[in-house]
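Each reported figure results from applying straightforward, stated rules to the coordinates on display, with no laboratory input. Everything numeric in this text was worked out from a predicted model, so none of it was measured. Because the Cβ atoms are built from the backbone with ideal geometry, glycine has one as well, and the counts that use them run over all protein chains shown.
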């Protein structure tokens, strides 16, 4: 068990006490243990999904003899590189109920973790820029409502009341026909998600081990028995892989070849502004999404750069394309300065949907293939992956996210793009 | 911007090209009835970190399919050749 000081709860009372004493008494949020020789379960990857998995292994299943192995530092990968949007507007069976479960977990997560992850359900407007798109949005909204998910089809006037600065003129290049609105969608402070799950897992006895790269697997007669790392061999009865972006690389160490390509996705932020954008907006005429951070910067993103990449930085043509989409959607941003851009490596799967499943190696489980959708899925992914590892069987919510679904023809292709990873 | 040296058109921005993915996959024979081989061909990828041999089509140029060797970490272009052996040999008909 961790020392008592690390078990302290965050509360209004503790905040008042520390405020009056110069904030000198806060204990560190999690320990920095050396790895033990052996654990019941090892999770590879100290990002959002790996940390959430460790948290729910401890909380839901009472499995606390767990180590999370992280090559760099906690939350240094995609959990801190996304555009922080959470939503559940999916239409294909498998995705619909999974992402809605995730949104429900987000709604109670700060209380559950005793850590403010700043869930802001500001609502998402998915704009509709054509008649066919309006029909598709109505259908998607109906599927959502039939599954108990909030969705409203807004008229152009209703969109205008919410976001009057869009181009509603008759001469607009992309006329606005309406929007599919999900009031419960929004944003979450992404670094806090990594830190909150890390602290929650640590408080339940999980060892979080940083600067520990996995370099190989120990596999005996088809069963995993541990991992080789830069900090020595660590035995394990079960191993969970949650390293999206590098899934193919790490899985190859166990002899697996995956239905995944790695691609770079960029994200951008402008100089800070006074409050302008009260919603998350998804553009209908281009792949573009934007919201305003609490600090005031507009945070936005678009398509992949489009070619296989492990470089966590993108290229200029895509920056230009995304900036032009921003100016098409919101002409008022055209003179803003873009102050930062960065890239994250996406596991692009062959149908655009994730994998949370057992692998052909006994005791080795895979959480991968998140494409663009990884951040919003974080709590549900951890919940379902923990269930799969603890029981050896998928949770009903991830039963369709099987690794062998491509062999079985049971694809979950939300976009209908086929096995063309850069098109999802 | 990546600069691809098209063997027919010379150095061009990569935005003139369409990405075609891994060029090292081998398509099974059309009459191959083995589902596992088709599955591996259609869905699995080596997805290497480092040197990657891939297809690009010069859609805003000569429209030829090219085989490009590129590093997936540095994005350095190591080689560009025509994808069709006949075209690579100079007989581009």
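How big is D for the stretch A:68-142, in µm² s⁻¹ as a whole number, if Stokes-Einstein is applied with the Kirkwood radius of its Cα pairs at 20 °C and 1.002 mPa s?
D, rounded to a whole number, is 141 µm²/s.
Using just the Cα positions, wrap the stretch A:250-318 in a convex hull and report its mean projected area in square nanometres, one decimal place.
Details: hull surface 27.7 nm².
Average of the hull's projected areas for the stretch A:250-318 equals 6.9 nm².
Is the shape of chain B best called rounded, prolate or oblate, per the rule: a/c under 1.5 gives rounded, else a/b larger than b/c gives prolate, else oblate, with a ≥ b ≥ c the square roots of the Cα gyration tensor eigenvalues? Display every interim value, and only then the final one.
Details: a/c = 2.41, a/b = 1.42, b/c = 1.70.
Taking the square roots of the gyration eigenvalues as a ≥ b ≥ c, chain B is oblate.
Can you check how the C-alpha radius of gyration of the stretch A:15-98 compares to 2.2 N^0.38 Å, as a plain ratio?
Taking N as the residue count of the stretch A:15-98, the ratio is 1.48.
If you count, for each residue, the other Cβ atoms within 10 Å and average over each peptide, how do A:19-25, B:5-11, A:260-266, A:397-403 line up from highest to lowest? Walk me through the numbers on the way to the answer.
Details: A:19-25: 8.7, B:5-11: 14.0, A:260-266: 25.4, A:397-403: 20.7.
Highest mean packing first, the order is A:260-266, A:397-403, B:5-11, A:19-25.
Between residue A:320 and residue A:29, how many nm apart are label points set 7 Å from Cα along the C-beta direction?
4.0 nm
Any chance you could give the angle, 0 to 90 degrees and rounded to 10, that helix A:48-61 forms with the longest Cα principal axis of chain A?
Tilt of helix A:48-61: around 60 degrees.
Per residue of B:66-76, count partner chain C-beta atoms within 10 Å of its C-beta, then hand back the mean as an integer.
Numbers: counts 0, 0, 1, 0, 3, 3, 10, 4, 3, 10, 0.
Mean shielding by partner chains, rounded to a whole number: 3.
For the stretch B:1-88, what relative contact order do you get, as a whole percent, if you take Cα pairs closer than 8 Å and at least 6 residues apart?
Working: 146 pairs, mean separation 24.6, N = 88.
Once normalised by length, the contact order is 28 percent.
Assuming R0 = 25 Å, what is the FRET efficiency of residue A:252 and residue A:37, from their Cβ-Cβ distance, to the nearest 0.05? The partial results should precede the final answer.
Values: r = 26 Å, r/R0 = 1.02.
The calculated FRET efficiency here is 0.45.
How would the protein assembly as shown be classified by its alpha-carbon gyration tensor: rounded, prolate or oblate, with rounded meaning a/c under 1.5 and the a/b versus b/c comparison settling the rest? Numbers along the way, then the final one.
Working: a/c = 1.64, a/b = 1.11, b/c = 1.48.
It comes out oblate by the Cα gyration axes.
Measure nothing but the geometry: give the 0 to 90° angle between the long axis through the Cα atoms of A:95-113 and the longest principal axis through the Cα atoms of chain A, rounded to 10°.
Rounded to the nearest ten degrees, it is 70.
With each run of n ≥ 4 DSSP H residues scored as -39500 (n - 2.57), what mean residue ellipticity at 222 nm is computed for chain A after dividing by its residue count and rounding to the nearest 500 deg cm²/dmol? Present the calculation step by step, with values, prior to reporting the outcome.
Details: 10 runs with 121 residues, N = 424.
Computed mean residue ellipticity for chain A: -9000 deg cm²/dmol.
Looking at the protein assembly as shown, what % of its DSSP beta bridges pair antiparallel, to the nearest 5? Show your work: numbers first, answer last.
On the way: 67 of 87 bridges.
In the protein assembly as shown, DSSP labels about 75 percent of beta bridges as antiparallel.
Taking the 0 to 90 degree range and rounding to the nearest ten, how far is the long axis of helix A:316-329 tilted relative to the main principal axis of chain A, both from C-alpha atoms?
Helix A:316-329 and the main axis of chain A meet at about 50 degrees.
Given an 8 Å cut-off on Cα distances and at least 6 residues of separation, report the relative contact order of the stretch A:7-76 as a percent.
Relative contact order of the stretch A:7-76: 30 percent.
Residues of A:298-310, mean number of Cβ from any other protein chain within 10 Å of their own Cβ, rounded to a whole number?
4
Using only the C-alpha atoms of the stretch A:93-210, find the volume of their convex hull and express it per residue in Å³. Before the final figure, lay out each step's value.
Working: hull volume 17.5 nm³, N = 118.
Expressed per residue, the convex hull around the Cα atoms of the stretch A:93-210 is 149 Å³.
For residue A:273 and residue B:22, what is the calculated FRET efficiency with R₀ set at 51 Å and r taken between the beta-carbons, to the nearest 0.05?
Numbers: r = 43 Å, r/R0 = 0.84.
It comes to 0.75.
Which shape class, rounded, prolate or oblate, goes with the stretch A:124-191 when its Cα gyration tensor gives a ≥ b ≥ c as root eigenvalues, a/c under 1.5 marks rounded, and past that a/b bigger than b/c marks prolate?
On the way: a/c = 2.26, a/b = 1.29, b/c = 1.75.
Oblate, since a/c reaches 1.5 and b/c is not below a/b.
Determine the shielding of peptide B:17-30 by partner chains: average, over its residues, the number of Cβ atoms on other chains within 10 angstrom of each Cβ.
Details: counts 2, 1, 9, 3, 7, 2, 0, 0, 0, 0, 0, 0, 0, 0.
Across the residues of B:17-30, the mean count of other-chain Cβ atoms within 10 Å is 2.
When ranked by the protection proxy of mean other Cβ atoms within 10 Å per residue, highest first, what sequence do the peptides A:284-296, A:86-98 form?
In decreasing order of mean packing, A:284-296, A:86-98 become A:86-98, A:284-296.
So between residue A:294 and residue A:213, what do we pick up on full extension, going 0.36 nm a residue minus the alpha carbon distance?
25.7 nm
With the contact rule set at Cα under 8 Å and sequence spacing of 6 or more, what percent relative contact order holds for the stretch A:144-232? Numbers along the way, then the final one.
Values: 69 pairs, mean separation 17.1, N = 89.
Relative CO of the stretch A:144-232 lands at 19 percent.
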